[in-house]
1. Assess whether residue 75 counts as being modelled with pLDDT of 95 or more, part of a loop (DSSP other than H, G, I, E, B) and either in the same structural domain as residue 371 (by TED's automatic domain parsing) or in contact with a helix residue (DSSP H, G or I) (Cβ under 7 Å, 6 or more places away or on another chain) (or both).
2. Among the strands (runs of 3 or more DSSP E) contained in the range 311-392, which hold 3 or more residues that are free of Cβ contacts under 8 Å to residues at least 60 places away in the same chain and touching a helix residue (DSSP H, G or I) at 6+ places or on another chain (Cβ under 9 Å)?
3. Is it fair to say residue 253 is within 27 Å of residue 132 (Cβ to Cβ) and either part of a strand (DSSP E or B) or under 26 Å from the mean Cα position of the chain (by Cα) (or both)?
4. Let me spell it out: the conditions are (1) without any contact (Cβ under 8 Å) to a residue 24 or more places away in the chain; (2) exposed (fewer than 15 other Cβ atoms within 10 Å of the Cβ), and residue 197 meets all of them except one. Which number is the exception?
5. Of the residues 122, 126, only one is crowded, with 20+ Cβ neighbours inside 10 Å and within 21 Å of the chain's Cα centre (by Cα); which?
6. Are any of the residues in the range 78-87 touching a residue at least 24 places away in the same chain (Cβ under 8 Å), in a loop (DSSP other than H, G, I, E, B), surrounded by fewer than 23 Cβ atoms within 10 Å (Cβ to Cβ) and touching a strand residue (DSSP E or B) at 6+ places or on another chain (Cβ under 9 Å)?
7. Scan the range 184-229 for residues that are out of contact with any strand residue (DSSP E or B) (no Cβ under 7 Å at 6 or more places or on another chain), over 18 Å from residue 173 (Cα atoms) and assigned to a loop (DSSP other than H, G, I, E, B) and report the count.
8. Restricting attention to the range 136-144, does a residue exist that is within 22 Å of residue 36 (Cβ to Cβ) and either assigned to a loop (DSSP other than H, G, I, E, B) or in the same structural domain as residue 39 (by TED's automatic domain parsing) (or both)?
């Protein structure tokens, strides 16, 4: 599927995956040239296929995280599933799985069970709280979804308004786990190139999110109060956040130092005397008096359009951004100018897709179609040595 010149060309990944974390990891591997064989349940597949129907009848999550893969259906509980998986893993370099804690081990797919027979195989296990037999922890067997991990990691406690906490608008815990799994697999492939031996990678969604919580954790070090919830504003720097403009839009802006505060007062608010107001003489004072300062800023912006405010901010060299909607992002001028959109085939027809970050052109990434459920089952089984009659029989038994 992938172009031979891609860096992971020749690497085969078997994915026992669902939802977001593992599929997001393996999509990155696929687009570096790896062959990713996604094993799905016959009839229903990855349950993320049914999350919604927003992309020409396909699920938004699935289209996003599953392009560039091959889909093979297999009932993991069927008596002959072990034989199929064994043949798949015999030619694989990496196994990525995010089944329920302990499920892979019960299927004979733990690293310990596989290592003797497949010593070069890298096994990446993704779970909510970590799946370590020696150090299981009291949470090992808890169900873990993205929102639950956002909450458990403390993320929700510092996100939202002063009156109410909030989750992130995207699956941030899943994404974190997927990216740490991806980078760990790349490192393990390099390590195997030196040692000749595979290894186990144990990725915990909780640990990934707590790593990302480094700043608020240290801000609250040794019992200190945590950063306050400040909506879309910065918790400790002000003015830094969204402000309404006279045309009903909002502009995001951020000040970092006293030089910018002076320029903001003179060129943006056009009230240079405000820079010397003792109430706002330092970031700490401005943050403490943010309600009073916000009122002054909102009043100054009330007669201006968002475009005019951005023009003033640019002139004053103050960092700023538009508060874009999803519709705005689809037509973002920077993405268009950098030619960051391409097309990907799906069972429902072609849809636009963003090029992988860091990739210059579509030909530099192994972007392949979003697979229909089981689209590659016959071809892969034949490749593994199964005769046509055997494949038909496995179909009839609903094993595949």
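1. yes
2. Values: elements: 319-322, 341-344, 351-354.
Fully inside the range 311-392 and qualifying: 341-344.
3. On the way: within 27 Å of residue 132 (Cβ to Cβ): no; either part of a strand (DSSP E or B) or under 26 Å from the mean Cα position of the chain (by Cα) (or both): yes.
Taking the combined requirement at face value, the residue does not satisfy it.
4. (1)
5. On the way: 122 fails: within 21 Å of the chain's Cα centre (by Cα).
Result of the check over 122, 126: 126.
6. Looking through the range 78-87, none of the residues is touching a residue at least 24 places away in the same chain (Cβ under 8 Å), in a loop (DSSP other than H, G, I, E, B), surrounded by fewer than 23 Cβ atoms within 10 Å (Cβ to Cβ) and touching a strand residue (DSSP E or B) at 6+ places or on another chain (Cβ under 9 Å).
7. So the count comes out to 8.
8. Residues of the range 136-144 that are within 22 Å of residue 36 (Cβ to Cβ), as a first pass: none.
Within the range 136-144, none of the residues are within 22 Å of residue 36 (Cβ to Cβ) and either assigned to a loop (DSSP other than H, G, I, E, B) or in the same structural domain as residue 39 (by TED's automatic domain parsing) (or both).
The values are calculated or read from the model by the stated rules, or taken from the named source; none is laboratory data. A quick note: this is a predicted structure, and the numbers were derived from the prediction, not measured. Note that each Cβ is placed from the backbone with ideal geometry, even for glycine, and that neighbours are counted across all protein chains shown.
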